[in-house]
Every structure is written in C-alpha cells, then in structure tokens.
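Derivation of every value follows stated rules applied to the coordinates shown; laboratory data play no part. Predicted model, so just to flag it, every value in this text is computed and none were measured. All Cβ positions, glycine included, derive from the backbone under ideal geometry; neighbour counts span all protein chains shown.
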Amino acid sequence: MSKKPKKLIDKKGRRLDSRKPNELRNIRIEVGILSNADGSAYIEQGKNKILAGVFGPKEMHPKHLSRPDRMVLRCRYHMAPFSVEERKSPAPSRREIELSKVIGEALEPSVFVEYYPRTGVDVFIEVLQADGGTRCASITAASLALADAGIPMRDLVVSCAAGKVDDTVVLDLMDTEDKLGAADVPVAVMPNSNAVTLLQMDGNLAPEEFEKAVNLAMEGCKRIYDLQKEALRTKYMAAKQEEEVKE
Ligand code: UDP
C-alpha cells in the first residue's frame with residue numbers, strides 16, 4: 001500500500017481521482033453474459049470488476065437445509081487471488097464468509113421466497129478486481145442476476161456507500177479512500193418502497209455526518225438503479241431482436 005497522501009481532498013474540493021464529493025465512479029453494467037448460469041450480470045464500478053451468476057430455483061442440496069414453506073437463498077462472495085494488490089488466498093477468508101452472509105441478507109427481502117417452497121437459489125459472486133465498495137457493487141450485480149434468472153422479485157436491490165474522507169462526506173469510496181478515510185457507510189435499498197436491506201458502518205461519524213452519509217448513499221443508489229434498469233432493458237431488447245430475426 002502506498003504512503004498516505006497528505007490530503008485526500010484538494011483545495012478545490014476534488015478527490016484523488018478528481019471526483020467531486022457527490023460523484024459516483026464510472027459504472028458499466030451488463031446482464032445475461034454467462035450462458036451456463038440461469039441468470040448473470042457483470043459490473044464495473046471504477047476499477048471494480050465483478051461477476052454474479054445465479055442457479056435456481058432448484059432442489060435443495062443438502063436436503064436437510066430446505067424449508068417447507070420457502071426457498072432458501074444462498075450466497076457466496078469470493079475474491080479471485082489476482083483481485084487485489086497482494087495475492088489473496090483462494091480459500092474463503094473470514095471477511096468473505098461475512099460478506100457472503102450480509103450480501104445474501106441484503107438480497108433476500110426482494111425475492112418472493114414463499115413462491116418456491118423446498119427449493120434453493122445459489123448466488124455466486126466473483127470479484128475479479130477490487131477497488132473498494134465491492135460488497136455494494138456485488139449486491140447491485142447479484143440482484144440483476146436474480147432478475148435475469150426470472151426469479152419473481154418485489155424490486156431490484158441496489159447498493160452504494162458514502163463515507164467521510166478528511167472532513168468531507170463523500171459518495172462511493174474507492175479503495176484508498178476506504179482505507180485512509182474516517183468512515184464508510186454501505187447502504188442497500190429497494191428503491192420502489194424505500195426499504196433499506198443493508199446498513200453498515202466502519203469508522204466514526206457524528207450523528208449529523210451519519211445522516212448526511214446515509215442520504216448521500218441513498219441518492220447514489222437511486223442513480224445506480226436507473227443504470228440497473230437500463231442494463232435489464234438492453235438485455236431484453238437484444239433478446240427480442242434476436243427472436244425477430246429468427247421468425
Ligand atoms: N481488500 C484487499 N485485500 C483483501 C480484502 C480487501 O486489498 O483481502 C481491499 C479491496 O480493494 C476492497 C477494500 O479492501 O474493495 C475494502 O474492503 P472492505 O472490507 O471495506 O469491503 P468493500 O468496501 O469492498 O465492500
């Protein structure tokens with residue numbers, strides 16, 4: 001890791017990557033890119049590159065984990081050994097086990113789990129390149145993969161973080177800001193009902209700063225939600241065009 005720069009925000013209020021405090025990183029989303037998964041999505045958010053693949057609903061293995069009244073949603077978040085500066089062991093770390101749990105819990109409220117009793121849905125997330133905020137980008141992509149698999153959902157789940165860098169509340173922290181900043185607040189939400197499905201905080205914030213960070217993260221989520229819907233639309237328009245050519 002490089003030495004801490006004196007200032008993470010310059011005199012003009014610009015961040016290390018020249019973003020303004022309320023600016024998102026560049027985001028590119030693609031839906032339905034894996035032919036062997038039931039649903040899939042890929043997201044690039046700044047330098048983050050993340051793939052999500054979904055299988056199911058299908059019979060639950062092992063069977064004793066199935067539930068008589070609902071589908072079980074299982075999630076595995078995994079970082080590739082080459083995804084970070086220092087090679088990461090491919091074995092699941094404590095952090096990956098925790099993130100798998102919180103990401104699964106952030107996605108589950110959006111799914112009509114009661115429609116498919118005794119079944120399971122598996123969500124696999126592969127972080128190919130990480131640069132801060134991977135849990136949020138993973139949720140955004142995994143929710144699209146669930147939709148792509150045709151699983152009935154109340155809404156998409158979209159996620160974004162805000163936090164404090166130097167003395168400023170900023171949106172969508174990249175790795176250096178995440179590590180050297182004062183706080184990071186990841187938020188996930190179902191925008192149609194304004195229902196929050198993930199809220200975490202790493203670091204210290206005064207109550208008014210926390211409120212500001214949550215509001216800013218929600219604002220970021222709304223902007224990413226538009227990109228999610230656009231990515232879904234693009235996939236189905238392409239599928240429709242393919243069908244028309246065949247006919
Ligand atoms: N990271 C790393 N090595 C690791 C795990 C994480 O370099 O083994 C970096 C990576 O860029 C990640 C960032 O640290 O995005 C922040 O990790 P955190 O646990 O805060 O989760 P995230 O912000 O990615 O959701």
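Might you let me know whether region 195-202 holds any residue that is in a helix (DSSP H, G or I) and more than 18 Å from Glu30 (Cβ to Cβ)? Walk me through it before giving the result.
The first filter runs over region 195-202 and keeps only residues in a helix (DSSP H, G or I), leaving none.
Checked against the condition, which is being in a helix (DSSP H, G or I) and more than 18 Å from Glu30 (Cβ to Cβ), region 195-202 yields no hits at all.
For region 191-216: of the residues being among the hydrophobic types (A, V, I, L, M, F, W, C), without any contact (Cβ under 8 Å) to a residue 40 or more places away in the chain and within 19 Å of Val157 (Cα to Cα), which is surrounded by the fewest Cβ atoms within 10 Å (Cβ to Cβ)? Before you say what the answer is, go through the steps one by one.
Applying the first criterion (among the hydrophobic types (A, V, I, L, M, F, W, C)) to region 191-216 yields 195-196, 198-199, 201, 205-206, 210, 213-214, 216.
Going one step further and asking which of them are without any contact (Cβ under 8 Å) to a residue 40 or more places away in the chain, we end up with 196, 199, 201, 206, 210.
Then keep just the ones that are within 19 Å of Val157 (Cα to Cα); that gives 196, 199, 201.
On the way: Val196: 17, Leu199: 13, Met201: 16.
Per the stated criteria, the residue is Leu199.
It is to be established whether one or more residues within region 75-83 are loosely packed, with under 14 Cβ neighbours inside 10 Å and in contact with a strand residue (DSSP E or B) (Cβ under 7 Å, 6 or more places away or on another chain).
Residues of region 75-83 that are loosely packed, with under 14 Cβ neighbours inside 10 Å, as a first pass: 81-82.
Those left that are additionally in contact with a strand residue (DSSP E or B) (Cβ under 7 Å, 6 or more places away or on another chain): none.
No.
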Filter result for Pro117 (away from the ligand (no atom under 16 Å from the Cβ), assigned to a strand (DSSP E or B) and either touching a His at 6+ places or on another chain (Cβ under 9 Å) or over 25 Å from Leu24 (Cβ atoms) (or both)): no
Neighbours by Cβ (under 7 Å, 6+ apart or cross-chain): first from region 13-27, at positive phi; second outside any loop (DSSP other than H, G, I, E, B) and surrounded by fewer than 16 Cβ atoms within 10 Å (Cβ to Cβ): none
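Per-residue answers, yes or no, for (1) part of a strand (DSSP E or B); (2) within 12 Å of the ligand (Cβ to nearest atom); (3) not β-branched (Val, Ile, Thr):
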position: Ile43; (1), (2), (3): yes, no, no
position: Lys49; (1), (2), (3): yes, yes, yes
position: Gly56; (1), (2), (3): yes, no, yes
position: His64; (1), (2), (3): no, no, yes
position: His78; (1), (2), (3): yes, yes, yes
position: Ala91; (1), (2), (3): no, yes, yes
position: Arg95; (1), (2), (3): no, yes, yes
position: Glu98; (1), (2), (3): no, yes, yes
Whichever residue in region 125-143 is more than 6 Å from the ligand (Cβ to nearest atom) and more than 10 Å from the chain's Cα centre (by Cα) and, among such residues, is surrounded by the fewest Cβ atoms within 10 Å (Cβ to Cβ): Leu128
Check on Gly181, farther than 20 Å from Tyr42 by Cα, buried (at least 17 other Cβ atoms within 10 Å of the Cβ) and within 15 Å of the ligand (Cβ to nearest atom): yes
Per-region count, region 217-247, residues touching a residue at least 24 places away in the same chain (Cβ under 8 Å) and either in a loop (DSSP other than H, G, I, E, B) or in contact with a Pro (Cβ under 8 Å, 6 or more places away or on another chain) (or both): 4
Region 156-178 - residue that is assigned to a loop (DSSP other than H, G, I, E, B) and crowded, with 19+ Cβ neighbours inside 10 Å and, of those, farthest from the ligand (Cβ to nearest atom): Leu156
Where a residue in region 178-190 is farther than 11 Å from Gly163 by Cα and its partner, wherever it lies, is within 11 Å of the ligand (Cβ to nearest atom) and assigned to a helix (DSSP H, G or I), with Cβ under 8 Å and at least six apart: Ala188/Cys136; Ala188/Ile139
